[in-house]
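Read through the structure below, which is laid out as structure tokens, and then see the notes.
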Amino acid sequence: MFRPNGNYSLLQGSYLFSEIERRASSYISANPDKKIIRMGIGDVTEPLVGAVIEAMHKAVDEMGVKATFRGYGPEQGYKFLRDAITKHDYAVRGIEIAADEVFVSDGAKCDVGAIQELFGKETSVAVTDPVYPVYVDTNVMAGRGGEFLKEKGGFSNIIYLPCTQENGFVPELPKQRADVLYLCYPNNPTGTTLTREQLQVFVDWAKETGALILYDSAYEAYISDPEVPHSIFEIEGAKECAIEFRSMSKTAGFTGTRCAYTVVPKALKYKDDLGNEASLHSMWNRRHCTRFNGVSYITQRGAEATYTEEGRRQILSVVRYYMENAAIIQKSLIDAGYTVYGGVNAPYIWLKTPTDSWAFFDELLTTKQIIGTPGAGFGNAGEGYFRMTAFASREDTVSAMARICQRP
Ligand code: PLP
């Protein structure tokens, strides 16, 4: 008899954004005349830049001609894109990454979930708290979470590393054995970052204990501070203990176009359950080729265009636009008396709420018609905080902030 995967029943509530949508829809249907401003979900609003559109049009034309038509491409990505990535994202920062260590995919979300296929049965997982929910939920689905403990506000087998204003949003090293540690910097949801020295502590720990770091740098493009590393591979020793996930989603507005990549260094070698040495690079290559048939040629040509001089200039100007929004949000919230974090090297602003974070969500929705994201939705340590994003239009950002600063 077929039995479904029972781990799904362990997942808590609905996915965060579904719950936000449920509350928002119910308010909107009761108040159809009110104009809602969405400052919550992390999707971009600016269109693809000209260089990307031009490259994709050209690729579409190639697909209509027998001589240049492409069928299945290399599962790992076309050479032209893997070369552009290693040159412009790594070599320019003095990091040597070989093109065949780069695996092009249709999303960092898919990759951070799928990477667990490489984990052994007994792998223990540590995450920062608050956390991008995908890291926790995909591990729970795979049976690695244990049971949900109400009093802990988390899963029994997941190690949570709190990041709050008390520790400057810098997680402590795990106190118990952790085989895998997810780090996301610049951080979603807090918008905070780690310096090279702070990240070195984690790399040294991973090397010492034999742990693996999964480093999600989906927001790397938003870094302006030279002290903040763009890649974990800027850190000495990281190639022996880390996998990096990057995405064109927030860098170049590809949330709907879909293109990302994962770097798995060949130097990553661990012993499997039978004591044999295994290369995570070979394993991921095998997994990618078995389960994935590549990102479309048209999309990869579009992604390649983000690395041309013109493309880089254009995507940078969009990133600047969002970061100006971030500065407007930050200043307005401070003027309104809130304590805020993030928003300097990341498109997320993390504010301290006067009430609990879902109560703050409801209040902002019903009194100012603004939708943000309650910190508690990202984990226990997110309680008492609230996330706003810089991805709305300038007009909406300015209007939302005017509403917040308005006295009742
Ligand atoms: N990683 C983090 C930390 C994110 O916040 C997001 C999207 O919000 C993603 C990954 C998803 O990236 P992609 O669009 O490439 O799947």
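Each reported figure results from applying straightforward, stated rules to the coordinates on display, with no laboratory input. All figures in this text were calculated on a predicted structure; none of them were measured in a lab. Because the Cβ atoms are built from the backbone with ideal geometry, glycine has one as well, and the counts that use them run over all protein chains shown.
Rounded to the nearest 5, what % of the DSSP beta bridges within the chain are antiparallel ones?
Approximately 55 percent, going by the DSSP bridge assignments.
Can you tell me which lysines have their Cα less than 21 Å from the Cα of Lys58? Leave out same-chain residues fewer than eight positions away.
Lys66, Lys79
How would Val263, Val203 line up from fewest to most surrounding beta-carbon atoms within 10 angstrom?
Ordered by Cβ neighbours within 10 Å, fewest first: Val203, Val263.
Where does the chain land at 222 nm, in deg cm²/dmol rounded to the nearest 500, when only DSSP H runs of n ≥ 4 count, each adding -39500 (n - 2.57), divided by all residues?
-10500 deg cm²/dmol
What is the Cα centroid distance between the stretch 303-373 and the stretch 94-122, reported in whole angstrom?
Value for the Cα centre distance between the two parts: 28 Å.
For the chain, modelled as a GNM with alpha-carbon contacts under 10 angstrom, which of Arg320, Arg258, Arg246 fluctuates the most?
Arg320
Taking the chain as the region of interest, what is the percent of Cα-Cα pairs per 20 angstrom bin, listed from the shortest bin to the one with the maximum distance?
So the P(r) values, bin by bin, are 26, 57, 16, 0.
By counting other Cβ atoms within 10 Å of each Cβ, how are Tyr90, Tyr321, Tyr8, Tyr185 ranked from fewest to most?
Least crowded to most crowded, the residues run Tyr8, Tyr321, Tyr90, Tyr185.
Using a Gaussian network model of the chain whose springs link C-alpha atoms within less than 10 Å, name the residue from Leu173, Leu149, Leu214 with the highest mean-square fluctuation.
Among Leu173, Leu149, Leu214, the largest mean-square fluctuation in the Gaussian network model of the chain belongs to Leu149.
Could you tell me how many cubic angstrom of Cα convex hull volume the stretch 1-82 has per residue?
295
Given the convex hull of the Cα atoms of the stretch 172-248, what is a quarter of its surface area in nm²?
5.0
Using Cβ counts within 10 Å as a stand-in for footprinting exposure, how do Cys241, Cys184 rank, fewest first? Please list the in-between numbers first.
Working: Cys241 26, Cys184 23.
If I rank by nearby Cβ atoms, fewest first, I get Cys184, Cys241.
Go ahead and set up a Gaussian network model of the chain, Cα springs under 10 Å, then flag whichever of Glu395, Glu304, Glu383 fluctuates most.
Glu395
To the nearest 20 debye, what is the magnitude of the charge dipole of the stretch 57-307 about its Cα centre, counting +1 on the Cβ of each Lys and Arg and -1 on the Cβ of each Asp and Glu?
820
Quick one, can you get me the convex hull of the C-alpha atoms of the stretch 49-124 expressed as volume per residue in Å³?
With only Cα atoms used, the stretch 49-124 gives 154 Å³ per residue.
Given Cα pairs under 8 Å that are at least 6 residues apart, what percent is the relative contact order of the stretch 57-307? Intermediate results must be reported in sequence, preceding the final value.
Numbers: 433 pairs, mean separation 60.7, N = 251.
For the stretch 57-307, the relative contact order is 24 percent.
In µm²/s, what is D for the stretch 1-150 at 20 °C and 1.002 mPa s, where D = kT/(6 pi eta Rh) by Stokes-Einstein and Rh is the Kirkwood radius from Cα pairs?
In µm²/s, the coefficient is 105.
Which GluC sites (Glu not before Pro) in the stretch 201-235 pass both tests, a DSSP loop state and at most 13 other beta-carbon atoms within 10 Å?
Passing sites in the stretch 201-235 are Glu227.
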